[in-house]
Amino acid sequence: MALSIGVPAETKAGETRVALVPEVASQLIDRYDVDVLVESGAGAKALHGDVDYEEAGARIVARDEALGAKVVLFVQPPVAEDIQQLQSGQVVIGFLSPLDEPAMSQQLAERGVTALSMELVPRISRAQKMDALSAMSSLGGYRAVLTAAHTLPRFFPLLTTAAGTIKPANVLVLGAGVAGLQAIATAKRLGARVAGYDIRPAVKEEVQSLGAGFLELEIDTEDTQTEGGYAKELQDEIAERQPELLAPHIGRADVVVSTALIPGRPAPRLISEEAIAGMTPGSVVVDLAAPNGGNCDLTEPGATVTPHDVTIIGPLNLPAEMPVHASQLYAKTLAAFVEEFVADGAFQIDFQDDIFSGACVAHEGQVVHDRVKELV
């Protein structure tokens, strides 16, 4: 009997992505002779119809059947009703928010499933093709700048006309991870004058390689990066000084794109109300850290507000605004993960493998990931 892979439709409000696109489903079917079960309508918001999946070799089924597959693929964490349908021995793979919503890992464990979280795929060379988090962050950084450019009541580029010359917009990007670097590159392509800031001095060269300036503050930046390349949570004294030191630079910016996140922690506060009050009316802040509370004191997650005549946007899911390519990239990372552990017509449980053990949050009734266990 062929290994079954289920693709239920996403049910969270605003989610337009699908975990597997027809092209990637076809590749899995051809290479491994798997049985791909797609819930009817699952790909509709990403512009993939049921017929497209059938032509790729997948079967269109009801939700219950997709959820009953041996391996079930999600974009968003499964909702409570879906978790109750899962059975012992199934494998669940997707963004499971284990550090932000650890209770879900416990719920999955109680159902006896093996749960693998794409957020926890280790940052090692062999796992680069499975780095869904970076793929989605890159889309978010790109979309954030386009959103800012659309909202800003000014031009981004230098513009010379018979009526005079318009200076380029000043864009400041806070956080130079994947999202921040993509935001910097996009703002540069649109012709803005761009600067980037990050607490990790090691990213200075990456920022400068994109043609942007690197903002350095007079604070201690030693031991600010984890082994995986993420920013560490700062000591209270340094964390309190950052907003104060950033305020004058924020005041000179027409656009601020803020991307600073620490996995499993509230977003660090970088932008004070005083800094917002010091910006030119009409300026724009796009706070990509909004899902974790925001980097700005005035951010309202999921909303757009205009205190002090500055527009502050707190998006919760920018990749979902580009569902075609977001789904394509996500599906490829999921497929790469699945392929790593499919052998002899089955999905192999392998805790000796660094990728598997790093991503696994639940197995045989237990939460098995050390960080998630601490939170539970």
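All of the numbers you see were taken from the coordinates with simple rules; none came from a lab. Since this is a predicted model, take the numbers as computed values, not measurements. Here the Cβ is made from the backbone with ideal geometry for all residues, glycine too, and neighbour counts use every protein chain on show.
The long axis of helix 236-251 is offset from the longest Cα principal axis of the chain by roughly 60 degrees.
Secondary-structure-derived ellipticity at 222 nm for the chain, considering helices only, amounts to -10000 deg cm²/dmol, per-run term -39500 (n - 2.57) for DSSP H runs with n ≥ 4.
By the count of other C-beta atoms within 10 Å, a proxy for reagent exposure, 254, 287, 309 are ordered fewest to most as 309, 254, 287.
Along the axis of the charge dipole computed for the chain (Cβ charges of +1 for Lys and Arg, -1 for Asp and Glu, origin at the Cα centre), the listed residues 66, 338, 323 are led at the positive end by 323.
Can you give the longest run of the chain that contains no chymotrypsin sites (Phe, Trp or Tyr not before Pro) sitting in a DSSP loop with at most 16 other Cβ atoms inside 10 Å? With chymotrypsin sites (Phe, Trp or Tyr not before Pro) excluded where exposed in loops, the chain gives 1-154 as its longest stretch.
Residue 50 sits among other residues whose Cβ lies under 12 Å from its own Cβ, and their net charge, with Lys and Arg +1 and Asp and Glu -1, is -3. In the chain, a dipole from Cβ-located charges (positive for Lys and Arg, negative for Asp and Glu) runs towards its positive end, and of 351, 186, 366 it is 186 whose Cα lies farthest in that direction. The order of 60, 5, going from fewest to most other C-beta atoms within 10 Å of their C-beta, is 60, 5.
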